[in-house]
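The structure appears below as structure tokens.
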Amino acid sequence: MSKTDLYMSNEPLITNLSNSQDNKVNVFGVPFDATSTYRIGSRFAPNAIREAFQNIEIYSNRLKKDLENVNIKDLGNLAKVGDITEMNKMVKEVTKEIIQNGKIPAILGGDHSLTNGSVRGMNKSTLVVFDAHLDFRDEFEGLKLSHATFLRRLYEDDCVSNLIHIGSRAATKAEWDFVNKDDIKIIDMQKIYNLESGLREFKDELTSSNDIYVSIDLDVIDPAFAPGVGNPEANGMTSREILEFIYCLENFKLTGFDIVELIPSYDNGSTSALAARLLAELICIAES
Ligand SMILES: [Mn+2]
């Protein structure tokens, strides 16, 4: 090995700490925030999450899994485009190739509209969404396709076998009416006030699931814990509460996930630290 190989790092990419050539989880970033409607800047999030990830402990004492011994492949960031349809197509194709190679995509947003591409690139599975908002608007500010409508589009196009939505507290009356009419599984904030019963409801719903894709909009977390998001909403989950939900996925088949809507310029470090922790624990679950 040359001294250059030895002494240079590939930062901001997540670098392989293990000697293993085998890899299971493939990370990629989507620096796209063109459909953000309030604060912008989530295009800078993929590298901010990587930087935080490189600075936390990656042995999970809870899951007894050591990521120091795991080869995490980082593919870098998606090429920059300004058009959502083009971005969705690219994310879908990259996700599809990762799945065809037998790997697990771990996607770092960007705004939440990327999930409209990634889920379409997956085999049909259970979609678990953590989000303060329902994202079930029919259109928003003139856009049929945006970070506020993508879930409606995925649902209408029958892209998921089951949908479980966790942490909601902010949506229009029309959105609440829509999800209630269609009997979509919503574990809203009021159900999480009693954490144990919220977790039980989640576990009961998971038992019939085969493949599971998880999408985390960081605004599901209370702004006190995660201030650096695009559309902060009060009365959210704590860091501990979301991690307890994530740990419920242990022993289920996690086939892909994304973490979206972090805005580094509004963050004090708390949000990126939590995003990195979620990334680490989800990789641990995906690897076991
Ligand atoms: Mn949201």
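Read-outs: derived from the displayed coordinates by stated rules, not from any lab. Quantities reported herein were computed from a predicted structural model and do not represent experimental measurements. Counting neighbours? That spans all protein chains shown, and the Cβs are built from the backbone with ideal geometry, glycine included.
Checking LEU145, LEU163 one by one, the residue that is away from the ligand (no atom under 11 Å from the Cβ), within 27 Å of PRO223 (Cα to Cα), in contact with a helix residue (DSSP H, G or I) (Cβ under 8 Å, 6 or more places away or on another chain) and part of a loop (DSSP other than H, G, I, E, B) is LEU145 and no other. Taken over the stretch 108-120, the residue count meeting the criterion of being part of a helix (DSSP H, G or I), crowded, with 24+ Cβ neighbours inside 10 Å and not hydrophobic (A, V, I, L, M, F, W, C) is 6.
Search the stretch 33-56 for residues that are touching a residue at least 12 places away in the same chain (Cβ under 8 Å) and pair each with any residue that is assigned to a helix (DSSP H, G or I) and of a type in the set (Phe, Trp, Tyr) when their beta-carbon atoms are under 8 Å apart and the residues are at least 6 apart or on different chains. Cβ pairs passing all conditions: ARG39/TYR266; GLY41/TYR266.
Can you spot a residue in the stretch 195-212 that is surrounded by 15 or more Cβ atoms within 10 Å (Cβ to Cβ) and within 15 Å of the ligand (Cβ to nearest atom)? No, the conditions are met nowhere in the stretch 195-212.
Taken over the stretch 120-142, the criterion of being more than 16 Å from the ligand (Cβ to nearest atom) and in contact with a Gly (Cβ under 9 Å, 6 or more places away or on another chain) is satisfied by GLY121, MET122, SER125. Residues in the stretch 38-74 that are assigned to a helix (DSSP H, G or I), of a type in the set (Gly, Ala, Ser) and over 22 Å from ILE98 (Cβ atoms): ALA48, ALA52. Considering the stretch 11-32 alone, what residues qualify as being of a type outside the set (Val, Ile, Thr) and in contact with a strand residue (DSSP E or B) (Cβ under 8 Å, 6 or more places away or on another chain)? Across the stretch 11-32, the qualifying residues are LEU13, ASN16, ASN23, LYS24, ASN26, PHE28, GLY29, PRO31, PHE32.
Condition check ((1) buried (at least 21 other Cβ atoms within 10 Å of the Cβ); (2) among the acidic types (Asp, Glu)) across all residues:
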residue: GLU11; (1), (2): no, yes
residue: ASN19; (1), (2): no, no
residue: ASP22; (1), (2): no, yes
residue: ASN26; (1), (2): yes, no
residue: TYR38; (1), (2): no, no
residue: ILE49; (1), (2): yes, no
residue: ASN55; (1), (2): no, no
residue: GLU93; (1), (2): no, yes
residue: GLN100; (1), (2): no, no
